[in-house]
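Inspection log for the structure reproduced underneath, given as C-alpha cells.
The values are calculated or read from the model by the stated rules, or taken from the named source; none is laboratory data. Every value quoted in this text rests on a predicted model; they were computed, and no experiment measured them. Cβ: placed from backbone, ideal geometry, glycine included. Neighbour counts: every protein chain shown.
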Amino acid sequence: MAIGQAATAAGLDRALAVRRATLLNRATIGWNVVEGVVAVSAGVAAGSVSLVGFGIDSGVEVSAALALAWRLHRERRDGCTQDDDRRATRLIALALAGLAVYVAVESIRDLVAGSQPQTSRVGIVLALLSLAVMPGLARAKRRLAPALGSRAVEADAAQTDLCALLSAVLLVGLAAHALFGWWWADPVAGLGIAAVAAVQAVRTWRADSLADTCCD
C-alpha cells in the first residue's frame, strides 16, 4: 500500500475510533447521571455512607466523562495533542482523589459515632445492575485506547472498572447489613471504596502518555 493510502486508512480508523469513543462517552454520562441521583437519594434516605459514596462516584465518573468529552471535542476540532490528553487525565485523577477523601472522612465518622443505616433494597438492586453493565462498558472503552493513543480514554475505562468494583463492595456491605444486621459493614464498605479510589487516583495521575504517532 502507498504511503498516502496508508495514512488515509489510518485516518479513517482513527475517525471511527473517535466516533465510537464519543458514543460510549455519552452512554457513560447518561447512565451515571441516573445512577448517581438514585444512589444518593437512596443513601440519604437509608443513612448509608457507602451508598452515598457510590452515588458520588457516579458523579465523579460523569466528571471524568465530561473531561474526556472535552478531549474528544478538541481532537475533532483541532486534531489530537498530548497536552489535551494529559490535562483530561489529570482532571480525572483529581476527581478520584476528591471522592476518596470525602468517603473516607464520612466512613470514619460513622464508625466512631456508631451510626446505623437502614436496609436499602434500592441500593442492592442498583449495585446488581451496575455490576451487570459496567464491566462490558469498561472493556469497550479500553479497546479504543490504543487506537486513539489516549491515556484519558484508558483512565476513563479504569474509572468505569472502578465503578464495577465499587458496586461489588457496595453490594457486600448492603447485603451484610440486610442479612446479618452488621451496621458496621456499611462504613467499612465505604472505607473500601475510598481506598480503591485513592489508589486509582495515584495511578491515573502518574500515568505516562500512550505512544501515538497521531498525537504531538
Which listed residue, of A10, A27, is at pLDDT below 85 and either within 18 Å of the chain's Cα centre (by Cα) or hydrophobic (A, V, I, L, M, F, W, C) (or both): A10
Look at S41 and say whether it is hydroxyl-bearing (S, T, Y), assigned to a helix (DSSP H, G or I), buried (at least 21 other Cβ atoms within 10 Å of the Cβ) and at pLDDT 80 or above. no
Note: among A127, A157, just one is touching a helix residue (DSSP H, G or I) at 6+ places or on another chain (Cβ under 7 Å), in contact (Cβ under 8 Å) with a residue 40 or more places away in the chain and either of a type outside the set (D, E, K, R) or surrounded by fewer than 16 Cβ atoms within 10 Å (Cβ to Cβ) (or both), namely A127
Evaluate the following for G53: is it farther than 21 Å from A138 by Cβ, touching a residue at least 24 places away in the same chain (Cβ under 8 Å), surrounded by 20 or more Cβ atoms within 10 Å (Cβ to Cβ) and in contact with a Phe, Trp or Tyr (Cβ under 9 Å, 6 or more places away or on another chain)? no
Give just the number: which of (1) at pLDDT below 85; (2) over 24 Å from V112 (Cα atoms); (3) among the hydrophobic types (A, V, I, L, M, F, W, C) does V202 not satisfy? (1)
Go through R90, R142, R77 for me and flag whichever is charged (D, E, K, R) and touching a residue at least 40 places away in the same chain (Cβ under 8 Å). R90
Looking at A164, is it more than 16 Å from A67 (Cα to Cα), at pLDDT 85 or above, in contact with a Pro (Cβ under 8 Å, 6 or more places away or on another chain) and assigned to a helix (DSSP H, G or I)? yes
Out of V153, V112, report the one residue that is among the β-branched types (V, I, T) and within 30 Å of H177 (Cα to Cα). V112
State whether the residues of segment 173-191 include one that is under 22 Å from I29 (Cα atoms), touching a Leu at 6+ places or on another chain (Cβ under 7 Å) and either small (G, A, S) or crowded, with 17+ Cβ neighbours inside 10 Å (or both). no
For G114, indicate whether it is surrounded by fewer than 17 Cβ atoms within 10 Å (Cβ to Cβ) and closer than 15 Å to N25 by Cα. no
Of R151, R143, which residue is among the basic types (K, R), farther than 23 Å from V40 by Cβ and either surrounded by 16 or more Cβ atoms within 10 Å (Cβ to Cβ) or touching a strand residue (DSSP E or B) at 6+ places or on another chain (Cβ under 9 Å) (or both)? R151
Please verify whether A197 is among the small types (G, A, S), under 19 Å from T22 (Cα atoms), in a helix (DSSP H, G or I) and touching a residue at least 60 places away in the same chain (Cβ under 8 Å), treating the condition exactly as stated. no
